[in-house]
Every structure is written in structure tokens, then in C-alpha cells.
1. Report, in degrees rounded to the nearest 10, the 0 to 90 angle that the Cα long axis of helix B:69-81 makes with the longest principal axis of chain B.
2. Below 8 Å between Cα atoms, with a sequence gap of 6+, how large is the relative contact order for the range A:213-277 in percent?
3. If you take the Cα Rg of the range A:213-277 and divide it by 2.2 N^0.38 Å, with N the number of residues, what do you get?
4. By how many nm would the segment from residue A:65 to residue A:176 lengthen if fully extended, with 0.36 nm per residue of separation less the alpha-carbon distance?
5. For chain B, with the dipole built from +1 on Lys and Arg beta-carbon atoms and -1 on Asp and Glu ones, taken about the Cα centre, which of B:144, B:17, B:218 lies farthest toward the positive end?
6. List the chymotrypsin sites (Phe, Trp or Tyr not before Pro) within the range A:336-440 that DSSP assigns to loop and that have no more than 13 neighbouring Cβ atoms inside 10 Å.
7. Quote the FRET efficiency, to the nearest 0.05, computed for residue A:165 versus residue A:398 with a Förster distance R0 of 51 Å and r equal to the Cβ-Cβ distance.
8. Please work out the C-alpha center-to-center distance from the range A:420-475 to the range A:344-412 and express it in whole Å.
Amino acid sequence: MSDTNTPNDSYDGDQSSLTSRLAANPRPALRWAAVAAVLLVLEFGAFIGGTLTVLHALVLGVTGLIAAMLGLTISKGIETSINEVQASILSQIDSVRSTAEGIPTLLSRETIPNQGHRLGPDGPWAETFMGLEPRLAWLLRVTLIVVYAFVVAYWLFRGWDIFRIYYRQADWTPTDDIINRLRSHRWGVFGVLIILLFLTMALFGPALGPTTVEANIQSPYGHYVEYYSNETGQVENVTVGNANFNSKSKGAGTNVGPMSYDSFDRFHPFGTLTNGRDLFTFMMGGARTTITVVGIAIGMSAGIAAALGMISAFYSGTVDLGVLTVADGITSVPQLLLLIMVSAVFAGHWITNVLNGGFLLAILFGLTGWPGLWRAVRGPALQVAQEEWVDAAESFGQRPALIMWKHMFPYVVGYLLVYASMSAGGIIIAMSALSFLGNGLGVTAPTPAWGRAIDLGQNYVSTPSWHISLIPGLMIVALVTGANALGDGLRDAIDPETESGSGEQTAAGGGA
Amino acid sequence: MNKLVYLGKRIALAIPVVLFGLTMAFLILYAGPLDPVYSILGRKASEADIQRLLVDLGYRYPNGQEVPLWDQYRMVMTDLFTLNFGQSWVVQRGRPIIDLIGARMSATIWLGWWSVVIALFVGIPVGLFAGLRANTFSDYFASAGGILWRAMPNFWLAVILSGLLSAGGALSFYRDWGADYGLATKVVGTPPEVNNLFNVIPLFDGIPVLEMLFLPIPELQNMAVAFKWILPGALVLGSASMGNEVRIARTAVLESINSKYVETARAKGVSARRIVFKHVGRNALIPLLPIIMGEFYLLIGGSVLVEAIFGINGLGSLYLRAIFQTDIPVIMTLTFIFTIILVVFNITQDLLYTIVDPRISLDDVEG
């Protein structure tokens, strides 16, 4: 965090730049980079595709907001010209994305296909990976992808380790202690693993599902499946939409449960939804939406909280009181009620088209979430603002913004991390609650959202179709527990002395 | 600092806070893209009707001129703070909002009361128990339970529980429990008994002013039925807080049990029971206080979802209906009431702090 070398700070001669240290002893770095390159090449298309999707949504949302604000305040002309710029940027991103997704990747559904059909009543499978049963082909692919993701994560960590051992100037920094403490914190490591698993789902979702969101959920009537029909005794062709229609899970009689095949030779790891769509694919799509929204929201509220926390600590007095009033004002309205209110007011507004409603949710969580984080940061920021080094920097004329950034932020960022990961659970829960309520709140249909799956299965909890509500809920519980565990681990790693419950309320999602 | 001075200061500071929150709600509802006229009159309204309605709702003056946002703001705020809540626009058009709220209030209070009480009476003992037996199997079991219990979304728990309780579900026997004592209940919908929990006996019939005093006699049978009916919802609503209470009570016990004063008490022969209740329990209460108070915060938000799923006709479901039907005055009034309740609880919490733990000075809890 605060410990990387900044060459311009040098006060004596023996500081060398990172490049010269790399040149002096290139072997460990080269070895690491070689493996990293292999790992990257394996899944290059997926990485670029995922990054560009997020970038696309961000550009759309941010420029859209700027255009709308300027259009309201200055003139309509500016709005249209910004919209033109926006359209051209977006089309460029789109074209890069489509070429990136065209690059063959090793762990894709094309190399290890699981969608095939039988050739006879009990006959061999065709078109699946090496003629395996779809269940096995799918399991193989999922296992490989998860292993790959964990190897990548380990390798990134290894990169930091190599940097620390071979190339860092300092023998020891406080970050080393934090990381060592986190490594031996079993509960915290559990949290890291869970979060990694969900990040994998979000990033590799399209390759993890037995089918894709596009083919199974967005435009099922534009895609076809082949299957062996027991009635006609031969392989038939049908649209995915028709197949879905006859694979619904609606209680006894019509049900496709977890780990089973429907009558169209399709395998459903989590069973199907009430409309016959594949629940696993739906959940993977939902993971991407959830992680994106939570990421943007946390980033936004942490940014606001850090800036305001340092400003209120640095200037204190009236400024502090003003921020306090605003923060209290936002939290004085129960968060969930505020969220429901704003999402209902904006239901059907153009902003719900950005990221299928996720962008509005992210902004809402960002704007309503920062007071909690600000409270957590304000105390430590007040403490550090009274330190001598801040006084010293002030007296030799450093600009306030620079003082806050260089001398206060490094001290505060740890607390920010702890409370940010603790409030993630609340955001996940509240977000799925909004999608559960439906009626234009939350993520818009048919884009997958975990809360909507729970809503769909509401009437089938005590029927053979219990999986529809149960599995999405269990996944939410797992993710929230993981985020809480990560928060606990970080807290113990960063500041082993503190043990407080201030993060407890935020983790509950305003009662959702 | 004197407690009264402190209280006055806190209230003075709370005014801008409440005002900010309500202004935010006002701007969202009145300046945002809502169309109450459409939701009242529908698509096929005549121009004259629309005009009349706009005047009625306070958006236009009778001469057809638009009321500026600032004037609308002043009107809405004065009405709220003088407790003149007006009438519902859509949910039950023309009915005074105070009536609407009064009719639904008892269900929400009944639900909320039991969710707090159950959470307290389950969560704290379990947490104390786990803390006193730290690092045993039962401790791990209780702690893990607390962690999972608070990670479960209320609405999901409600869906699963109401599904299990429904006909054909694994818990459907619950409804017929105690049928011999007249306790067979439904589990979905508002218990009708909730409005007859007390037999109100006037004390001074016919004497002016004093006739407002009355003696509430609990109607035990009605209370039992209403309790059994509302129990699943209350369990769900209290779940997150219960998990928190287990965790906090456990760590609080662990902290105080290793302290010197407990050792001293043990050395001079104080009984184990007395140590747990007097020395450990009271100190463990301090960090629990914000959690207990925070429960009210979770309760207000959570009641919206729990009431919607269990079909309880309370304030939470009223809020949801008002939102979906663009009944702006009802939304504004409920927001006002909830905000005031929250702020009052916040101030109470800080005052209670100083009573439970006299070491905390009134200056510490400010801000």
C-alpha cells in the first residue's frame, strides 16, 4: 500500500530504480513472466471480453449521466453531441470485443463441448467432448476452469512474493505483516477463496454454464438444439424456446431437478426455472451482474468516504459538522425504503437500460452506502490529522490535497478495505431483494438476477421444484458469508487490537 | 455535562438531519419522473379532468399556472411537521392517511415487537453460552449458526419458511398445533386478533379529559393466537439481529471473563451464577446496545419484505403498495414517520449508553 518505492523521495544515493534492479537479476522475474504469459494466452479472449464488457457499461453510464446533466442545465445541443461521441466510442469498444471473443480459448465451450444428443435410446452421445455424457463433459470443463482460475490467482500472489523477495528495496514493510497475518487467518482465507470462486463465476460465467445466457435466456427462439426423440426414434431439431417450454419446473409432474437431463438431452446442473430455462446458466449470469454492481458501488462509496473522511478530518469544525449532517441525513431514511423509492421512481427511465438496471443500482448503493464507510474512516483520519508529520507538511507549504493523499490516505486505506468488504454483504442482499420485488425494481428481466430466481420459485418451495428458490438463496448466503469472513480476516490482519461490532449493521442490507 | 443540556443539543442537531432526509425524499418524489395523474385517472382521461386533478393534488394553481417546486416543498414540509398528513391519492383515494396508518399500525408493531423480543431472548443467551464455553464444540456450533443466520437474506428465509409452512410442506403441521385450545391458525395474512389484544376499560367514564385514561386488560387468548400466527414472520425479521447478537455477546463475554475484576470476584468467592449475571453480563451489554438499537433500523426496512411475503397488512406492505401505485403523500408520510422513529432511537441509544456504562461521558458519544 504505502510501501512501494517512490524514486523522487530519495535522500541518499543507494536508491536504484526498479528497472535497474530487474536488469541486475532478471531470472526470477523472467521465470514468473513466462508462466504468466502461458496462463494469459490460454484465456486471452475471455479476459479481454470481460474487461471490455465492464468498460462498455461504464462509458455508457458515465457519458449518459454527464449528457443528461448538461442537457438539463446548459443546453440540449451539448447533450446530443455528447451522445454522438458516446456512440462512436461504444461502437469501437464493441468491435474490439467481438474480435477478442473470436480468439479461440482453451477452456471454452467450443473445445470441451457438453451440448450433444444421443444416437439411440441408450445410445452413445454425439457432439460432446470425446463422446462423453454431457454431465461428465460439463463437470470436466467446470473443474478445469476453476482450477485454472485458482492457479492464476496463486500466480498473481506469487508475483508479489517474487517482487518482495528479489526486487523490493526494503527488507520489510508493514504490508508484509498484514499479508502474513491474513495467510494464517483460516477464516479470512476461507473468505478469500469464496470471493475468488464467485469472481471466477463472474469472469468465466459464459464458459461455466451448460449453455449460454444468450442462447438459453435472451433469445431462445434464435437458437436450436438437437436431441434424440423417443417417439420418432431419430435425432430431431427444435428451437431452444420450444425445448424450454417443455422442460419447465413447476412442482410435481413437470420438474427438471438438479443434476438431471430434460427430455431434449440437455443437462441441468441446478435444474430448470419455472419457464424451463437453465438455472445454473441463470446463476452464472446473475453472478456477473452482482459482482459488477457490487464492485462499482463499493468503489464509489469507498471513494466518496475516503475523500470526505480526510477532508472532514483535515479541516474539521464546520466542514466536519456539514459532512456529518449530510451523512446522518442520508442514513436517517431507512436505506431499503430509500432504495425501493428511488428504483420505483426511475423504473422505465432510460437509465435502467445501462447494464440492465445494474448501473442505477450501483449508483444508488454508492450514494447511500458512503456514510457508513465514512464513519469508519473518520476516526482514524482525525487521529492521523493530528500527527506531527501532517503539521510539518502543512508548515512547509504542501497543498492540502497532496497532504491528504500522501500523508493521510495510506493510514486510512486499511480501515476502508475492512469496512468496504463488510458492507459488500449488505449490498448483495439488498440488491437481490430489489430484484425479488420485481415490478421494475432491480435488474430488468430477462437479464439474470439472483433475487428474481427466488421470486420465481416462491410457490414451489414444498414441491419437487424446491431447487428454484433454495439454490440461489444458498449462493447468496455463501457469497455474503465469504465477504464477511474476508472482512473479519482483513480487520484482524490490519489491526489485530480492534474487535468491534461497528460493521455488523452494514452487513445486514438494511433488513432485506 | 448535564443530561438535559445534552439532550437539547442532540435534538437541535437532529433537526437539520431530518430535514435533509425528507428534502431528499421530496426531491425524488416530486422532481423525479413520477406521474401520479396517470396512475389515478388512467390513460383515457379528459384534459379538463387532468387539469382539475392537478389543481387538486397541488401541482397547479386554479388559474392553470404551475406551482413552483419551492412552494410545493414549503407546503409539503409544513403539512408534515404540523402532522397534517392529508389524504391518500391512490391506495384508498380520499381516505385520510392517518386512518390508513392507524388501521395497519397494530400488525406491524405486533410483528416488530416479537421480532425484537425473540431475537433478544434467543440471541443473547446463545451468545453468552458460547462465550462461557469458548472453543468447545457447542461454541463452534453456536458461532457458525450465528454467522450463517445473519448472512441469510430475510426475504429468502421468509420465502422458504412460508413455503415449508404451506399445505404439503414439511412444517405444515404447525398450523394445527394447539387446535384443542383454539390455537389453530393460518400463517399467511393479518391475524384479525391483532386489533383486539387488549380489553380497554375506561376508568373515568363521562368525566371530561380524564375519560381518556383507560386500563388495558390483556386478552390472553387473542394474544396467544396472534402470537402463534405472527411467529414465523417475527423469526425471519429478527434473524439478522439474532446472528449479530450471538456474535457480539460471545466476544463481549470472552473479553470480560478474562478481566481482572472477574478474577478478583472469583478469588473472594462470589458464586459463578452471580459472576455471570452481575459482572460479565452487565459489561457484555455495552457493545450489545447499538446492535439492539440497530435492530429497529433493520426492522423498518425488513418489514416491507416480510409483510409482503407473509401477506401481513401492515405499514411495510402499505409502503410498498403506495410506491407501486404512486401514492406520493402516503410515501412521504411513512418516510416522515420512519425517519422520526429512527432519529429518536438514535438519541435514546446514546443516552442509554451513558446509563449502562457511566464511564462513557456525554461528550464521547456525540457525532
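1. Compared with the principal axis, the helix lies near 50 degrees.
2. 28
3. 1.06
4. Length difference between fully extended and current span is 35.8 nm.
5. So the residue we want is B:144.
6. Those satisfying the criteria are A:396.
7. Working from the Cβ atoms, E equals 0.90.
8. Here the answer is 30 Å between Cα centres.
The values are calculated or read from the model by the stated rules, or taken from the named source; none is laboratory data. Being a predicted model, the structure only gives us computed values, none of them experimental. Note that each Cβ is placed from the backbone with ideal geometry, even for glycine, and that neighbours are counted across all protein chains shown. We work out accessible area using only protein heavy atoms, side chains counted, and drop any ligands, DNA or RNA first. Shrake-Rupley method; radii C 1.70, N 1.55, O 1.52, S 1.80 Å.
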